[in-house]
Each structure stands twice: as C-alpha cells, then as structure tokens.
Amino acid sequence: MSLWSRFVNVFRGDSLRREIAEELESHIEEAVERGRDPLEARRALGPALRLREESRDVRLLSWLDSLRGDAVFAWRQIVKNTAATAAVILSLGLAIGSCLAAFRLVDALLLRPLPIAHVERLHSVAHEGFNDRHELQASQSFEYPLFREMRAAVEADAELLALSYAQRADLAFGAGEETEKAYRQFVLGGMFDSFGLMPALGRLLTAADDATPGGHPYAVLSYDFWNRRFGRDPEIVGQTFRMDDQVFEIIGVLEQGFTGVEPGVFVDVYAPLTMNGALSRPGLGWIRAFALLGPDASANAVRDKLTPIYRAYQEEQVKDWKAAKQEVVDRWLNRTLRVEPAPTGSSEIQRTYRTGLTAIAGLAALVLLIACANVANLMSARAATRSREMALRVSIGAGRRRLVRLVLVESAFLALLATAVGAAFCSWAAPQVVGMISPPDNPTRLTLPADLRLFGFGMALSVAVTGLFGVAPALRASSVQPVAALKGGEAPRLRQRLMKGLVGVQAAFCVVVTLMAGLLVGTLDRLRNQDMGFSAPGLLLLEASSDTPQPSSAWRQAIDGLAATPGVESASAASWPLLFGISGGLVWTDGRPAEASSYLLRVSPGWAETMQIGRVEGRDLRVGETDGALVNEAFAETFLGKASPLGRWFEIGSPNGSRSRFQVVGVVHDAVYHDLREGFRPAAYIPFHAGDGGESPQSWGTFVVRTKGEAASALAPALREAVSRARPEFRVTNVRTQQELISRQTVRERLLAALASFFAVVALLLAGLGLYGVLEYSVFQRRREIGVRRAVGAQAGDIAWQVTASVGATAAVGALIGVGLSLLAARSIESLLYQVRPTDAAMLAPAALAVGLAAVAAAAPSVAKAVGIDPAEILRAD
C-alpha cells in the first residue's frame, strides 16, 4: 500500500473500520463456501479484535493515527474547560499579538530589504567625527563637488549613487495653482536602472537627464502617489506641475513596491539631481551617497579609495578658514568615512526609533514570558487534577512519551488559537502604532504586509510558546507514579515548588516591565513639564513664501495686517519657529574665536514679546535695524562674561570665513531653540533682514501670531486672508500651532510611554492572575490542613500567613531579582531617558506600589476562601 494511501486512511475513521470488517467477513464467507463450519472458520481466523487492529495498523500510519487520537482528545479537553481555555487564549493571544506587532514594526523599519536588484551589495557612505561638545556624530550629507570626485575614484569597484534627502514640498497641479504637500527627492538619473526598477507607465529617469544642470525638468511619480492622487490615470504622462517655482513634466510612473530608500518615508515625486537649486551653492551638504558594490568588490576597498579624496577635499576647505582655532580645524580634519551595508535603506526614522522599537520588542517578549509562566501554572494545576487519569494510562501500558505528547498536543492547540487571536490584535495594533509616530504635517508611512515573513514568525512564536508553557507540565504529568496517584498520594508539594518558582519568574519580569514603563513615562513627564522659556498656548505659526525676495516693508505690512485681525494679540516674523529649524555658527568676540558655537535666528521687532520671552535688560530690535542683536542669557554668560553685554560687538559666521558683525542691544531669558532634550544653549536673535552691509530681502519665513484665546487654530482662515489682503505676493503654505511642534518633539516619548504603560498593565494583570491561581491551588490542596488548624483555634491572621507566606516570599525574591535586572535593562535604553534614573525613589516607589497592589488584589480572594473554611464540614467529610 502506498504511503499516500496510508496517510489518507488515518482520516477515514468509520469507513476504514467498515472496510476492514467487510474484508474479515468476506474471508469467513469464503471459508463457509468451501464447506467449513462458520464457528470453526472464525476460530481458525483468530480473535477478531486483534485482526482488526493488525489490519488497521497495516493500512495506515500508526504514529500519525496515534497523534490524531491525541489531538481529538486534547480538543475535547479544551472544549470541556471553556472558562479556563478562554482565559489562556486571551492572555496568551494578547502577549503573542504584542510580539507580532512589535516584529511587524521592527521588520518594516529595520529588517525588510529594499525591493531592488542586488540589494546585498547596497552600502551607505557616511562620515563621522566629534562636535564641539565632544559627542560622536555621524552624517550622510556630502557636497555635490565632493560626490563627483568620489564617484570617479571608485567607478571600477562600485557605482556611487546620489540622492537628496526626501522632503515635503509644495506641488501645484492644474490651472488652479492650488498647492498640496508631497514628498519629493532629487536622484541621480541612472539610479533606477542600477536598482533594476521598471516603469509602470512611461519611462524612468536616465543618466542623460542629469547631463545639464537645470536642463531637464522631468519628474517620475511613485506608484503609490499615482494611485492615491490620480487614481492610476493612464493620461498622466506628459502633464506638468509646479514645484520650487519650476515647471516639471511627468515622464513616467515607477513600478509598484518601491517607495524609496528611506524606511518610514514614501517618496511621491522623483526629479533629476541636477534640477536641485542647491547644486550651485558651495559648501552645502545636501547629497546622500550610496555605493552599489561590484560583484568582487569589498566595502573596505571602496572606503580606502574614497578616504584620500575625502581628506584632500577637507584639507582644501580649511585653507580658507580665517582665525579658526586649531581645535576646530583638527576636529574637521579628523572626521572619518564609513561604508556600511544598507540592504534595508537608511533614514532618520530608523536612527530615531531603532533603540525605542528594540526596547518595546523586549518588553513585549517579557510580557509573553509572563503569560507563558501563567499558562504553565494553569496547565500544571490541570495536570494535578488529571493525575488519576494519567496513572490509569500508565497502568494499562501507555509510555511516558505518549503522556508527554498528549499534554503537548493540548498546549499546541492553545498556542495556535492564541496565535490566531494575536494575529487579529496585531493587524489592528501595528497601524495604530504607526499612526502614533506620524505628526500631521510629516506623516510616517511603513509597508506592513501580512506576508510569509510575518506568518513564519507567527508559527515560530507558536512553537516557542508551546515549548515554554507546555514542556514543564508535560514532563510533570509523565512522571506520575501510578500506585501513589491511584491511592490519592500525588506528592502535591513537588508541583507547588514548580508553581511557586514560576510565580517568582513572573514577579521578576513584572517588576522589569513596570519599572521600564515608569522610566519612559517619567521621561515624557520631564520633557512635557520642563521650562521652555516661552509660552506655547495661543501661538499660531504661518509659513509663507513669495516668488521673489521681499523687502522689510512688505513683511512689515503683512505683520501689521495680522496684528489688526480680530482675536490677535500680537504678530511678528522669524526665519522659522522655535523647535523646528536650526542655524548657527562660530562666534568671535574681540577679534578672537570662542570655544563654542551659538544658535542663530532671524527675527522681526516684537518677536520676543510675541513669544513671551522676558527681557533681562536693554531694548528690543527696531524697524530698519540690521546690525543689532538680542542674545539670551546663555550667550551672554558663555561669550561676553559677567559684565553687562549691552553695546558689546560680536561676530558670527560659518567655517568658510564669512562673518557678520552685530551689536548687543538687549538680553532676553533663555528659551529652548531646537531640541527639548538639549536644554538652554547660547542663541543670538538677529534682524530678519540683516545682510552684508545692509538690508537683505527675504523670500520665505514664518509669521508668529499670538491669539487672545486658546483655540488658535480657529483663526487660521482669517489669518491666511489677512496676509493675502495685506501683501498678495505672499503665499501661506502651512499653518500650525507651536504646541504641535512641541508635540512633534515628544512623538517618540509618547509612543514609548503609551506602549510601555500598556505592557505594564498587561504584565501586572497576568502576574496577578498567576499568583491567584497558585494560591487557589494551594488552598485547595491544604483544605483539610486549614480546617484542622481552624478547629484547634488558629486565628484568621495565622491562616492568612500560612497561605501567603511561602508564595509571598518567592514573589518577593523574584521582585528583588527584577529590580536588579531593571538596573541592567535601563543601561540599554539610557539614550531614551531624560532626567530619570531607575534608582530614583520617584521611579521605584510607583513600580513597587503597583506590583504590591496587584499582589494584594490577587491574594485577597484566596485568603478569604481559606479563612472561610468551616472546620466542622472538613471533620464531617473525614
């Protein structure tokens, strides 16, 4: 009989039994036809039961049939214990779903290879060095002339590709010239061909499209943008749109699947590298370089060829530095190149969330371990109630391996059902988390397919979970002693030691999760409630631009129009709002360079008042003034000493030697400039139209408006109209509140705090259920002992102590171990924390209180049941 037939026969059941019975009956009928007596024929054939079993074993795979029988029995046990099964599936499903969601995010952001040809050869090129605060910083930004030299140097070993950073830009389609936001990226023309990408419509950019700077205003749309914005209109090729005051022609649509090389960002529009206006700006690093290595090339060999080119370029740059300190020059020249594998691409979102997502994945794994320990306790208790059944199985010939398999099959069913529940939770949770890290004006987008990678991880997780919570109960069930179990002596203390040990494990992991959650919540609280130096409520920010640079009078008219709008308290302008942009330079005082740099921001008169940044001394900037400056207290203390800085002159500029000279006219209080985590740093606020030797017209900036009420956003339409009415040249491209920028700075912290808090609640709940189960089992096993103690005069307090002391001691030891593990775990997430430490009483106390309350709540029902045992009832039963 073929293997396939034997496999199919396993699942035929009654039909196979009828077939075997009919075959045996046919043999008897054949003997009768030959003249033999029916009874004699049956005796000659042998025992019918044995014959049926032997025939059945020949016709099917016996091991698979045995496994099928165990599966049927396990399913009946699961259905029989509905409440316990539901608790197991829900608790495990929540933990497995959390792990699946964490994997889905980590895979999409950090692990999933780009859908390009030869992705294993793709490497990123970066340079790193120490800044003026002696912090090691890496950057992927290169100047265009340097990129061209490096590309030529390694063309025999690798193809060097250039891309700009993907940025949000204003695009205008159609005659209405209504602008919309989209991600655009300038790329080297031959990149698509090097990546092996094909067009879904039209053609893609080629090397010829990069031949002439500014000469090929072509654009390629991503498939996602084509589908989302144009409904896959086949007539899109040949249409035009306006971007960066240039008209671009759409020449094609990229194939589906490729969204760019920056995970977390879906690029919508690609344009030739030479169409970027920054191409002609010397000293500006705006290019990201990737190296596609040749089949026989190595990353080290490519780096060794690039390093001399990079170093020579750096040395050429410092020749023009005037009066720069040797320390600054050395830092610049000591920067080194890195060529690292980048099969998953490279993005700022990756760097920002790598540690955070790893920490969340770790917390999810700890919650899963707690859930497994909880279910292992439940399975152990269930095995205890089935000890007589197991003893009978052993007595009639069942082997230890068969008992282990019986319990493991039941565990596998539970794990599979929990995985199904977890998959449903994951399908909802992962997109929700992506939404949490997506500011409205800068959305994060990730590819989250439910593909074989996720399915494989889910199956591996299911197998691992089966082993984690099923092996110990299975081994315990298989070690049953038939004689002792059938007499009622099942050595419960052995099981209690296992169950108490698992309670200790749950307590340890629960403390780790709870304390980590406390640290992350504390970090968010510190960031939110720190003194920022200005008042954010009521501030509305209007980003504006014009086709041509506008003089100060035009900007002043627009500011006056905003200030006259009903509901507006004051208005001013700045290059960009605080906590958004960044600019700075080296500071010179008395003709000598300082040891530190300063932030720089162009502002109009009245800006400090609008921001409600208090003035320490001096006056505000005046209309038409171009060489005055406001400085903050940190600037005055760092660069100008303890004497009054009013009237002092300073210079600030870039490393290439260009400097601008300003006189301090006022000192204002410190305010956070760029990052909530960096605190107060030196900053100078110079006139909005300051230029070399006079006024410099500006084509873009941000109007800062303070409203009289809290609902600042409600005034946005009126303020847009006020700007257009005052100066039609200005176009308001974006409106947001200062509070949105603050919230944007805490997106990661809010995400981590929310997820860690969720995991902490789940961990406390699971650990509490585990403790409750152990105490309930202990009370059940010691029911007669407790009744006797009550009969001889034991008080309720004594009974409570007897019931909880041993388990409580185990949980306490586990909690102390958890504190130690937390101290180690905190080191791995140190970069995520802000002004909090795991040893702070403010961190330890809430965690200890939460764990303690969960333990008390879990122990209370069992203690009440133990104290309520009636001694007379126990004695009557004996």
Dipole axis of the chain (+1 Lys, Arg; -1 Asp, Glu on Cβ), positive-most option in A156, A826, A415: A415
- request: Please give, to one decimal in nm, the separation of the simple spin-label points placed at E617 and Y313, each 7 Å out from Cα toward the Cβ.
  value: 4.7
- prompt: Applying the Karplus parametrisation 6.51 cos²θ - 1.76 cosθ + 1.60 with θ = phi - 60° to the phi angles of region 626-642, what ³J(HN,Hα) value in whole Hz is obtained for each residue in order, glycine and proline being reported as x?
  reply: 10, 10, x, 7, 9, 10, 8, 4, 5, 5, 4, 5, 6, 10, 10, x, 7
statement: Filtering GluC sites (Glu not before Pro) in region 170-221 by DSSP loop and by at most 13 other Cβ atoms within 10 Å leaves E177, E178
query: Shape of region 119-343 from its Cα gyration tensor (a ≥ b ≥ c, root eigenvalues): rounded if a/c is under 1.5, otherwise prolate when a/b > b/c, or oblate?
result: prolate
statement: Interchain or sequence-distant (5+) residues whose placed amide H lies within less than 5 Å of the amide H of L621 are G606
query: Given charges of +1 on the Cβ of Lys and Arg and -1 on the Cβ of Asp and Glu, with all other atoms neutral, how large is the dipole of region 542-646 about its Cα centre, in debye to the nearest 20?
result: 100
query: Rounded to the nearest whole Å², what accessible area per residue is found for the chain with the 1.4 Å probe?
result: 46
field: For the chain, size of Cβ-based charge dipole, Lys and Arg +1, Asp and Glu -1, in debye
entry: 3900
Peptides 507-519, 263-275 ordered by average Cβ neighbours within 10 Å, highest first: 507-519, 263-275
Candidate lysines - alpha carbon under 24 Å from K319, same-chain residues fewer than 8 apart omitted: K305
Antiparallel content of DSSP bridges confined to the chain, in %, to 5: 80
Heavy atoms of R453 accessible to a 1.4 Å probe, total area in Å² rounded to 10: 100
- prompt: Where the accessible area of region 236-351 is counted over protein heavy atoms with a 1.4 Å probe, how much of it, in %, is carbon and sulfur?
  reply: 48
field: region 539-708 shape via C-alpha gyration tensor axes, a/c threshold 1.5
entry: prolate
- prompt: Taking the Cα centre of each part, how many Å lie between region 739-791 and region 513-585?
  reply: 42
- line: Taking the alpha-carbon centre of each part, the distance from region 295-358 to region 98-121 in Å is 25
message: Using helices alone, I'd like the mean residue ellipticity at 222 nm for the chain: each DSSP H run of four-plus residues gives -39500 (n - 2.57), total over residue count, nearest 500.
response: -17000 deg cm²/dmol
- line: Here the FRET efficiency for D798 versus F457, based on Cβ atoms and R0 = 45 Å and rounded to 0.05, is 0.30
- request: Taking H placed 1.01 Å from N in the peptide plane, check which residues at least 5 places from E569 or on another chain put their amide H under 5 Å from its amide H.
  value: R706, T707, K708
query: Taking K708 as the anchor, which aspartates and glutamates have their alpha carbon closer than 12 Å to its alpha carbon, excluding any fewer than eight residues away along the same chain?
result: E569
query: In region 222-299, what GluC sites (Glu not before Pro) fall in a loop by DSSP, with at most 13 other Cβ atoms inside 10 Å?
result: E235
message: For K865, give me every one of the aspartates and glutamates with a C-alpha distance below 18 angstrom, ignoring sequence neighbours fewer than eight places off in its own chain.
response: E776, E785, D798, E873
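The values are calculated or read from the model by the stated rules, or taken from the named source; none is laboratory data. Since the model is a prediction, treat every value here as computed from it, not as a measurement. Positions of Cβ are generated from backbone atoms using ideal geometry, with glycine treated the same way; all protein chains shown enter the neighbour counts. Heavy atoms of the whole protein, side chains included, go into the accessibility calculation; ligands, DNA and RNA do not. Shrake-Rupley method; radii C 1.70, N 1.55, O 1.52, S 1.80 Å.
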